[in-house]
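First comes the structure, then the notes that go with it.
The values are calculated or read from the model by the stated rules, or taken from the named source; none is laboratory data. Remember, it's a predicted structure, so these values are computed and weren't measured experimentally. Note: ideal-geometry Cβ built from the backbone for every residue, glycine included; neighbour counts use all protein chains shown. With ligands, DNA and RNA removed, areas are computed over all heavy atoms of the protein, side chains included. Shrake-Rupley method; radii C 1.70, N 1.55, O 1.52, S 1.80 Å.
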Amino acid sequence: MQQRNYPKIFGLIGAGLAEVYMVFAVLAPMQSGAPVPLGYLIQRLLVSAIFFGVFGALVGTGIGLLIGGLFRKR
C-alpha cells in the first residue's frame, strides 16, 4: 500500500513560507527611515532567497518526517 510522502510535501510548503517571510523581512522599513537604493534591495532579495529557501525546506522536511512517523501504520 502506497503512503503519502509527507517530508516532500512539508519541505515544499516550508520553502514557500520561508520565501514569503524573507520578502517581508527584506522589504521591512529600515530604522533610519532613509530611502534604500533599488539595487541594494534586489541584491538583498537574491542573496536572502538562497538561505531562507534552503533552511525553510530543511525545517519543513523535519516536520514532515515527524508527521509521517505519527501516521505510519504498524
Query raised in the report: Accessible area per residue of the chain at 1.4 Å probe, in Å²?
Result: 82
Requested in this report: State the percentage of accessible surface on the chain attributable to carbon and sulfur atoms; use a 1.4 Å probe and exclude ligands, DNA and RNA.
Outcome: 71
Report summary line: The ³J(HN,Hα) series, computed from each phi in the range 33-39 with the Karplus coefficients 6.51, -1.76 and 1.60 at θ = phi - 60°, rounded to the nearest Hz and given as x for glycine or proline, is x, 6, x, 9, x, 4, x
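For n ≥ 4 DSSP H runs only, could you compute -39500 (n - 2.57) per run for the chain, divide by its residues and tell me the 222 nm figure to the nearest 500? Write out the running numbers ahead of the final one.
On the way: 2 runs with 55 residues, N = 74.
The helix-only estimate for the chain comes to -26500 deg cm²/dmol at 222 nm.
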Query raised in the report: When P(r) over Cα pairs in 5 Å bins from 0, in percent is calculated directly from the model, which label among [x] 3, 16, 19, 16, 12, 10, 8, 6, 4, 3, 1, 1; [y] 3, 15, 14, 12, 10, 9, 8, 7, 6, 5, 4, 3, 2, 1, 1, 0; [z] 3, 15, 21, 24, 17, 11, 6, 2, 0 fits?
Result: [x]
Query raised in the report: Could you give the nm distance between label points at Gln3 and Glu19, where each point is 7 Å from its Cα heading toward the beta carbon?
Result: 2.9
